[in-house]
1. Does B:ALA449 satisfy being surrounded by fewer than 18 Cβ atoms within 10 Å (Cβ to Cβ), out of contact with any Pro (no Cβ under 7 Å at 6 or more places or on another chain), within 14 Å of another protein chain (Cβ to nearest Cβ) and touching a residue at least 40 places away in the same chain (Cβ under 8 Å)?
2. Going by what's in this entry, would A:ASP217 be described as away from chain B (no Cβ under 14 Å), touching a Phe, Trp or Tyr at 6+ places or on another chain (Cβ under 7 Å), over 19 Å from A:GLN635 (Cα atoms) and surrounded by fewer than 21 Cβ atoms within 10 Å (Cβ to Cβ)?
3. Only one of B:THR383, B:THR368 is within 30 Å of B:GLY481 (Cα to Cα), part of a helix (DSSP H, G or I) and touching a residue at least 40 places away in the same chain (Cβ under 8 Å). Can you tell me which?
4. Just one of B:ASP208, B:ASP196 is touching a strand residue (DSSP E or B) at 6+ places or on another chain (Cβ under 7 Å) and either buried (at least 19 other Cβ atoms within 10 Å of the Cβ) or over 24 Å from B:PHE184 (Cβ atoms) (or both); which is it?
5. Restricting to region A:418-434, name every residue that is more than 10 Å from chain B (Cβ to nearest Cβ) and not in a loop (DSSP other than H, G, I, E, B).
6. Among the residues of region A:132-156, what is the count of those that are under 21 Å from A:GLU108 (Cβ atoms) and polar (S, T, N, Q)?
7. Output yes when any residue across region A:227-238 is within 24 Å of the chain's Cα centre (by Cα) and more than 30 Å from A:THR577 (Cα to Cα), and no when none is.
8. Among A:ASP673, A:ASP663, which is free of Cβ contacts under 8 Å to residues at least 12 places away in the same chain, surrounded by fewer than 24 Cβ atoms within 10 Å (Cβ to Cβ), in contact with a helix residue (DSSP H, G or I) (Cβ under 6 Å, 6 or more places away or on another chain) and not β-branched (Val, Ile, Thr)?
There are 2 protein chains.
Amino acid sequence: MTVLLVFSFCAAQAEEGMWTFDNFPTKPVYEKYGFEASPIWLEHVRQSAARLAGGCSGSFVSSSGLILTNHHCAHRCIEQLSNAKKDFVAKGFYAKTNAEEVRCPEIEINRLVQIIDVTSEIQSATAKLTGEAFNKAQKAEMSKLEKECSASSDKVRCDVVTLYHGGRYNLYKYQRYQDVRLVFAPEFAIAFFGGDPDNFTFPRYDLDMAMLRVYEDGKPLQNKDYFKWSKEPAKDGDLSFVVGHPGNTSRLYTMADLETLRNTKIIQALTYLSEVRGLLTEYSKRSPEQKRIAKDHLFGVENSLKALKGRYAVLLDKRIMGDKEKAENEFRQRVNGASDLKKAYGDAWEMNEKANIDLRNMYARMSTLESNFGSRLFEIAKTLVRAGDELPKKNEVRYREYADSRLPQLKQSLFSKAPIYSDFETAMLEFNLTKAREVLGPDDPAVKALLGKKSPADVAKALVQGTKLKDIKLRQSLYDGGKKAITASKDPMIQFALLMDPYSRKVRDKFEDDIEPNLKLSAEKIAQAHFAVEGTNTYPDATFTLRVSYGQIKGYDENGVFVPPITDYEGAFQRNTGADPFALPASWINAKSKLNMQTPLNFCATADIIGGNSGSPVINRNGEIIGLIFDGNIQSLGGDYIYDATQNRAVAVHSAGIIEALDKIYGAKRIKDELLSSANATVTTSVH
Amino acid sequence: MTVLLVFSFCAAQAEEGMWTFDNFPTKPVYEKYGFEASPIWLEHVRQSAARLAGGCSGSFVSSSGLILTNHHCAHRCIEQLSNAKKDFVAKGFYAKTNAEEVRCPEIEINRLVQIIDVTSEIQSATAKLTGEAFNKAQKAEMSKLEKECSASSDKVRCDVVTLYHGGRYNLYKYQRYQDVRLVFAPEFAIAFFGGDPDNFTFPRYDLDMAMLRVYEDGKPLQNKDYFKWSKEPAKDGDLSFVVGHPGNTSRLYTMADLETLRNTKIIQALTYLSEVRGLLTEYSKRSPEQKRIAKDHLFGVENSLKALKGRYAVLLDKRIMGDKEKAENEFRQRVNGASDLKKAYGDAWEMNEKANIDLRNMYARMSTLESNFGSRLFEIAKTLVRAGDELPKKNEVRYREYADSRLPQLKQSLFSKAPIYSDFETAMLEFNLTKAREVLGPDDPAVKALLGKKSPADVAKALVQGTKLKDIKLRQSLYDGGKKAITASKDPMIQFALLMDPYSRKVRDKFEDDIEPNLKLSAEKIAQAHFAVEGTNTYPDATFTLRVSYGQIKGYDENGVFVPPITDYEGAFQRNTGADPFALPASWINAKSKLNMQTPLNFCATADIIGGNSGSPVINRNGEIIGLIFDGNIQSLGGDYIYDATQNRAVAVHSAGIIEALDKIYGAKRIKDELLSSANATVTTSVH
């Protein structure tokens, strides 16, 4: 692949960039496309965007709180609302009336209302501090700022966000919505048509969409800002914008950071996830019900695995990594060549390398002991045990996830009504306990405490059979009763979590006190060195905060063959074999004669996206929905480290394909009308 | 770890080396240990060694064909002789009389009788040839030499062996024994005490031993040469020799070869094997019988996985690989600095790099299409289909595994009576067909041919249910009937193999014609360059041919703690938890009061070994058995690329521990007497 590299804070190449809303590259976009994004346009777009706190993007698409996102972003909710008799994953879901819309147990939606620069607050709180003192002061200041910002309201969410790895700190203030209901989802078979084999490829034929609705005080939210539906279907060459929440990129990582990814984190994840995949694949054969139960988890595992394999190949690429190393060395020489720069930043890389070596040495142990052993029941027990210890402390000194500003999300998860399946819990717990013994060795004191003289199978079985934590009222009473109730509890899972906690705290504290401060301090220094040398006219690495990317709907060459950018319904029927994962659902087969086969179904565009952008709206100059991001092609997977305009493509469901399906396949007139009612009015735009 | 590196053909450091019998480092051993290995000593040792053709080592330990090897080397046989009612893996096996000794369906034992240098024959056959012509001529010459050597006798096996990656070619002539019977095996629980968690670690407490017996004409073989049992138990500091068949090392690989391992071969194997492991772990939960069926396979997968993880860590090690790269660059400069060397060898590295790039690009496709899809039934069908095409050709132009000299082994496998389990076959075939679709993509023509419009599950089920290839007579008649019988067969697995063969041949031929010749030619040139510059006083990379290593029984430091070199029975009882894999079998618990707890059980030594050495005898200066290699410690895994004398340790069962168990736990007096009867006589040695 022909890769154009950007290694540092230098001006990005055309199309590259996941831009923050306060630093949109208005001028380059105007120069290339003749479109000027006005402040009003940007403000409207920002207010119409939505974030699914669990790790996805979405958008408001009506004045009544209707949210458009991906099926795979709502998959867990759809599964949680299903049971052995009603399988909405397999059969799809459509609420014919508002009354039929059902609340998702664990979805939280955020709308960004304000960005506040708190760089100076954070930096003065940590000035001249190092090590443990630095990290504690920084976290305390973050928790303090977040608490002040949310003013203890559950409806406001405030997160301090680290941008440019410490070059900037911003406070992101969101409206928080926890009453989110499922409105529509097609069958999994078409949402993920082509399954794992077609995942991260193009051309595609997926209706990877779901509709949710935000409720407030028991009624649909009434909202002023939302994206209207496009009147004209988007076509080859059109300028498009992606508005969403890319989760994480590592383009500004040091070579030592990348080596930690390559030699420690990703290789460990690849073998772990591969093993889980094999296990769940075979587990799914126990019965149709077990298959249903494992499906969401297996889907997530396969998706991560394919993405990580793509990323890993880039980390192993001698040329790409060699170029990155060269750029880093040159920049270091430049810093060391100027005495003021050298004094201020010269020691940052060495500190970063040392911290990375320390991290690699303890990573396997930390990631094992601070995990949830793949078990919801253990996760609940651990959360209760930690809450008992953390909540009595002052807000500023708690573990960050127990800070006041984080409690609404924690409670939503802790008291979720989502079903928990004993058989699946036992299988996952046994597997992860076995894995812990493998990673740490049978003679590790934590392993001895975990297992005693029993096998992982026996321990897992006894814990899952014995615990009563499926009972939400019990969880509530233990949470309310605090440490006293927890330590008095005879529940075996609580006791197990109590037993484990000293080991997991110890390794976490070691990381937070000894290693993390040096990683942060060195990254902050390096970011400042780049600002000092190259200025600030660029975008920060992705941090699951709202960004806007832009580009064109555009095909590309792959192994000498041109891949056109838009697919249609006809292609989906051609790809249908009748066997999973290439089997179109019955609803499609039955509706075939009614369909316009030339309706666009999916398209690809040059916009720069990454995981977390799933569910992002694709909009045109008018701010109208023309598509729904659900994937990137295989060439986009290196996007974690580099952006390659020649082949990197975002993959989206086409807006016209969505309407065709709602109308002719699913008879979802109510929703179609709600979407299209907006299409007659035009939003305020500045089109040149 | 403190690594001392050897990058090239320079003289090896003390203890390093897997020496061929015609180049034993007599002088350095004498200088360090005062022991001179006489030609008679070496000859006797060579004649007493045995190879298990499937991938292990062993030794003759009585004059009646008794063979000592590892339990894990005989594991497959033990499993093949078991069934749902009689589980010799779980319960152990002991033949109280010769009559109770049972033939292993697929074990072949080789005894090396002669090594003939055929370098000039091979090199003149290929002189001035390149590409496809080079490879074809080389293979033809190898098949011709092997056929002449074995004189068409099934009892003689002749293999041309490539040493120093083409610096030397030797013809290894073996006596071939295919009637090999199981005599004794302890329970799996003690053979592999500690299981995967303790695998590749030390201290250890395993009785990883099994006894086989070679038969000739229906009677126990009468053999002159064999190892006698040691009279004195070996102790800390003793000089020891390991005589066995290390399978494969890559110490002389180029950087491009290593990059292919790192970026393509090993990473693919790691994720594949991890997935199989998860699958088989869960498959084993279907029922105790499924667990029994999957056990041998799962054991192999876990063993490979742990070994590969250790090797991979070395390939990712920047310092070790950086040093190797530096050494390669320096050597290349040295070659290019002398005009005669440059002319003769200067282009080898570039050719090697290019061939490696070509290999990486086609490796996933080749390894998928030339695999057996994890299915014995498919393997049988493929072998029959290929035999139909290959056997009518002249010996010299066949695929090498169909050359006359290889047919005895091929037939032993093809007509093996080992049971085949439909359920397991279906699971593995489905998995591997799914994997093929994943690796090649659903649009690959081979995948379309494989699956048509069906799912992998349906294809696998139909093939396994429909085939009659479990019937050995059917296999025989199809083999005898040749291509005509094959193409006329209605057996669905045969038809499937016929369908696949054009695709798999195409990719294999591409490799053999376009890529392999350049890999070989370049490696041959590089080897010759090293001989030219540095001489020949070193050992070649391992090639599953007989080697002798030497060293001391010796502990080592690990994370600042000294690990003593010898464990005892008491340690085994201390490590017993009662839960698998730390559960001593009932026979041990019951015999506890009779045992001398201070009897040595396992030991570690500095001898340089690697996979394939499993089952190797460890002998003392007198040529007496003092131990039985069954593992290396975790630090030995990098031995594929480097040897580190400070921590690399071979791990063995102690000879005294074997006798204690045979005598007091298993009541195997017949075998104990057979072993010890020899200990009164002393073999011819030269002790200084």
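The values are calculated or read from the model by the stated rules, or taken from the named source; none is laboratory data. Note that the coordinates shown come from a computational prediction; the quantities given were computed from them, not determined experimentally. All Cβ positions, glycine included, derive from the backbone under ideal geometry; neighbour counts span all protein chains shown.
1. In short, yes.
2. Considered against the rule, which asks whether it is away from chain B (no Cβ under 14 Å), touching a Phe, Trp or Tyr at 6+ places or on another chain (Cβ under 7 Å), over 19 Å from A:GLN635 (Cα atoms) and surrounded by fewer than 21 Cβ atoms within 10 Å (Cβ to Cβ), A:ASP217 comes out as no.
3. When all the criteria are applied, what remains is B:THR368.
4. Testing whether each residue is touching a strand residue (DSSP E or B) at 6+ places or on another chain (Cβ under 7 Å) and either buried (at least 19 other Cβ atoms within 10 Å of the Cβ) or over 24 Å from B:PHE184 (Cβ atoms) (or both) leaves just B:ASP208.
5. Result: A:SER422, A:ASP423, A:PHE424, A:GLU425, A:THR426, A:MET428, A:LEU429, A:ASN432, A:LEU433.
6. Adding up the residues that qualify gives 4.
7. Yes, some residue in region A:227-238 is within 24 Å of the chain's Cα centre (by Cα) and more than 30 Å from A:THR577 (Cα to Cα).
8. A:ASP663
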